[in-house]
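Colleague: Quick one: structure below, then a few questions.
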Amino acid sequence: MRPARFASILPLLLLALAGGCSKRAARVEVSPKKLKIFGLDRPQRLTARLLDKNGNPLELGTANWESSRPAVVTVDVGGLVIPKSEGKAVITARYEKVSTDIPVEVVDVKAVEVSPPAVRVIGPAGTSIPLQLVIRNSRDKPVAVMPVWTSSAPAVATVSANGAVSSVSNGVALIVAKVGDIQGAAEATVQVRDIARLEIRPMTALVRVGDSQQFQVIAYGIDGRSIEGASALFQSSNGAVATVSPTGNAAGVSAGASTIRAVLAGATAEATLIVN
């Protein structure tokens, strides 16, 4: 080859080489950058793309996926992460000499149970009634996970981070507790009015250890008329003797006596539960 001709094509060769180098993947970008999966039956997908050193996407091929702990999660060729058991693992997306690690955590959640399923919040605006929550795993055991609480109608009722429903105005709101995409709900009916006093029935009850007694609360307005269906906060003065549910179902634990108290909008009523 003549020197003059070689000199003329040398820049083209260098440009071609430079172009080939620029087409190499400098990194693998994965979305999302970390993954928390609630529930063993809820696979989630990771997506990966190849980028050059300038951050531009490349169409060179697809990343290969692998899991550091297949007993916790597996991952298929399309990036679908399948939870197998509770725990932590790392998913790696690899292409030639570049790779990216994605931390994954699996939390075993099967059901979110809110009780009672319906609550009537009766009293002045700002009256608060707590909801109870149990989150269960695939073995039907309670697990300690913080849910996200929301109200479908905040202009009617709001809900706190610990599940206390507070009245705002008359109406109905759906109160939802959500863990990942697993949720439970209760319907809150709000009636804004003043409460003059409460009664709890029966005033005295006797149960054996292991048995239970249902207490009912009756609210009265300032006009003296009873208000049906009002929900109240029930408390036991001695949890070692008796416990009481949010709906007023008291259970005998050991011999003794406990005061069962109902509280609503500043009004209280008390009954006595004797356990033998």
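The values are calculated or read from the model by the stated rules, or taken from the named source; none is laboratory data. These numbers were taken from a predicted model, which means no experiment stands behind them. As a convention, Cβ positions derive from the backbone with ideal geometry for all residues, glycine included, and neighbour counts pool all protein chains shown. All accessible areas refer to the heavy atoms of the entire protein, side chains included, with ligands and DNA or RNA removed. Shrake-Rupley method; radii C 1.70, N 1.55, O 1.52, S 1.80 Å.
Colleague: Viscosity 1.002 mPa s, temperature 20 °C: Stokes-Einstein D of segment 10-159 from its Kirkwood Cα radius, in µm² per second? The partial results should precede the final answer.
Modeller: Working: Rh = 19.3 Å.
Estimated via Stokes-Einstein, D reaches 111 µm²/s.
Colleague: Against the globular-protein guess of 2.2 N^0.38 Å, express the Cα radius of gyration of segment 127-188 as a ratio, rounded to two decimals.
Modeller: Cα-based Rg divided by the globular estimate yields 1.16.
Colleague: With no solvent and one point per C-alpha, what does the Debye sum give as log10 I(q)/I(0) for segment 153-276 at q = 0.14, 0.15, 0.23 Å⁻¹?
Modeller: At q = 0.14, 0.15, 0.23 Å⁻¹ the computed log10 ratios are -0.70, -0.78, -1.18.
Colleague: Then there is this: When the Cα centres of segment 81-113 and segment 129-149 are compared, how far apart do they sit, in Å?
Modeller: Spelled out, the Cα-based centre of one part sits 23 Å from the other.
Colleague: Using modelled backbone amide H atoms (1.01 Å from N, in-plane), which distant-in-sequence or interchain residues come within less than 5 Å of Leu131's amide H?
Modeller: HN-HN under 5 Å from Leu131: Ala164, Val165.
Colleague: Taking amide H positions as placed in the peptide plane 1.01 Å from N, state which residues far from Lys110 in sequence (5 or more) or on other chains have amide H under 5 Å from it.
Modeller: Under 5 Å from the amide H of Lys110: Arg136, Asn137, Ser138.
Colleague: Rounded, prolate or oblate: which fits segment 100-214 when a ≥ b ≥ c are the square roots of the eigenvalues of the alpha-carbon gyration tensor, with rounded for a/c under 1.5 and prolate only if a/b beats b/c? Don't skip to the answer; put the middle values down first.
Modeller: Values: a/c = 3.43, a/b = 1.37, b/c = 2.50.
Because a/c hits 1.5 or more and a/b fails to exceed b/c, segment 100-214 counts as oblate.
Colleague: Suppose the chain between Asp52 and Lys34 were pulled fully straight at 0.36 nm per residue; how much longer would it get relative to their current alpha carbon spacing? Working shown, then result.
Modeller: Numbers: separation 18, 0.36 × 18 = 6.48 nm, distance 2.21 nm.
Between Asp52 and Lys34, full extension yields an extra 4.3 nm.
Colleague: So, one more: Gain in length, Glu59 to Val209, computed as 0.36 nm per residue apart minus the alpha-carbon separation, to one decimal in nm? Intermediate values should be presented prior to the final figure.
Modeller: Numbers: separation 150, 0.36 × 150 = 54.00 nm, distance 7.14 nm.
Contour length minus Cα-Cα distance gives 46.9 nm.
Colleague: Further, regarding this structure: For the chain, what ratio Rg/Rh do Cα atoms give with a Kirkwood hydrodynamic radius? Please report the intermediate quantities before stating the final value.
Modeller: Working: Rg = 31.0 Å, Rh = 23.7 Å.
Here the Rg-to-Rh quotient is 1.31.
Colleague: From the backbone phi of segment 163-172, what are the Karplus-calculated ³J(HN,Hα) couplings (6.51 cos²θ - 1.76 cosθ + 1.60, θ = phi - 60°) in whole Hz, Gly and Pro given as x?
Modeller: x, 8, 8, 10, 6, 10, 8, 4, x, 10
Colleague: Have a look at segment 206-253 and give its Rg and Dmax from the Cα atoms, expressed in angstrom.
Modeller: Values for segment 206-253 (Cα only, Rg and Dmax): 13.1, 41 Å.
Colleague: Could you give the angle, 0 to 90 degrees to the nearest 10, between helix 3-22's Cα long axis and the longest principal axis of the Cα atoms of the chain?
Modeller: 10 degrees
Colleague: Full-extension gain between Lys178 and Arg42, please, as 0.36 nm times their residue separation minus the C-alpha to C-alpha distance.
Modeller: Details: separation 136, 0.36 × 136 = 48.96 nm, distance 1.46 nm.
So the chain would gain 47.5 nm between Lys178 and Arg42.
Colleague: In addition: Measuring from centroid to centroid over Cα atoms, what is the spacing of segment 160-188 and segment 223-245 in Å?
Modeller: Measuring centre to centre over Cα atoms gives 21 Å.
Colleague: Skip the ligands, DNA and RNA, and give the accessible area per residue of the chain with a 1.4 Å probe, whole Å². List each step's numbers first, then the result.
Modeller: Numbers: 15220 Å² over 276 residues.
For the chain, the solvent-accessible area averages 55 Å² per residue.
Colleague: Using the Karplus curve 6.51 cos²θ - 1.76 cosθ + 1.60 with θ = phi - 60°, what ³J(HN,Hα) values do you get for each residue of segment 24-34, in whole Hz, with x for Gly and Pro?
Modeller: Result, ordered by residue: 7, 6, 8, 6, 10, 9, 10, 10, x, 7, 8 Hz.
Colleague: For labels at Ala255 and Val145 in the simple 7 Å Cα→Cβ model, what's the distance in nm?
Modeller: Label-label distance for Ala255 and Val145, simple model: 4.4 nm.
Colleague: Now for a different question. When the helices in the chain are scored as -39500 (n - 2.57) per DSSP H run of 4 or longer and the sum is shared across all residues, what 222 nm value do you end up with, to the nearest 500 deg cm²/dmol?
Modeller: Working: 1 runs with 20 residues, N = 276.
Result for the chain: -2500 deg cm²/dmol, rounded to the nearest 500.
Colleague: What's the ranking of 119-132, 58-71 by average number of surrounding C-beta atoms within 10 Å, highest first? Intermediate results must be reported in sequence, preceding the final value.
Modeller: Details: 119-132: 19.7, 58-71: 14.4.
By packing density, highest mean first, the sequence is 119-132, 58-71.
Colleague: Another question about this same structure. Any chance you could look up the accessible area of Lys141 with a 1.4 Å probe, heavy atoms only, rounded to 10 Å²?
Modeller: 120 Å²
Colleague: Right, next: Provide the FRET efficiency to the nearest 0.05 for the Asn162-Asp76 pair, computing r from the beta carbons and using R0 = 35 Å. Intermediate values should be presented prior to the final figure.
Modeller: Details: r = 39 Å, r/R0 = 1.13.
Between Asn162 and Asp76 the formula returns 0.35.
Colleague: Same structure, new question: Rounded to the nearest 0.05, what FRET efficiency do Ala26 and Ser115 have when you use their Cβ-Cβ distance and R0 = 35 Å? All intermediate terms of the calculation are to be shown ahead of the outcome.
Modeller: Details: r = 54 Å, r/R0 = 1.54.
Rounded to the nearest 0.05, the efficiency is 0.05.
Colleague: Along segment 200-216, what does the Karplus equation 6.51 cos²θ - 1.76 cosθ + 1.60 (θ = phi - 60°) give for ³J(HN,Hα), rounded to whole Hz, x for Gly and Pro?
Modeller: Running phi through 6.51 cos²θ - 1.76 cosθ + 1.60 with θ = phi - 60° gives 10, 10, x, 6, 9, 9, 10, 9, 8, 4, x, 8, 9, 9, 8, 9, 10 Hz.
Colleague: As a quick test, which of the pairs Lys141/Lys178; Lys23/Lys88; Lys84/Lys178; Lys33/Lys178 have an alpha carbon distance above 27 angstrom in this structure? Before the final figure, lay out each step's value.
Modeller: Numbers: Lys141/Lys178 18 Å; Lys23/Lys88 35 Å; Lys84/Lys178 22 Å; Lys33/Lys178 22 Å.
Pairs exceeding 27 Å: Lys23/Lys88.
Colleague: Moving on. So if we plug the beta-carbon distance of Asn170 and Val263 into 1/(1 + (r/R0)^6) with R0 = 30 Å, what FRET efficiency do we get, rounded to 0.05? Spell out each step's value before the answer.
Modeller: Values: r = 22 Å, r/R0 = 0.73.
Given R0 = 30 Å and the Cβ-Cβ separation, E is 0.85.
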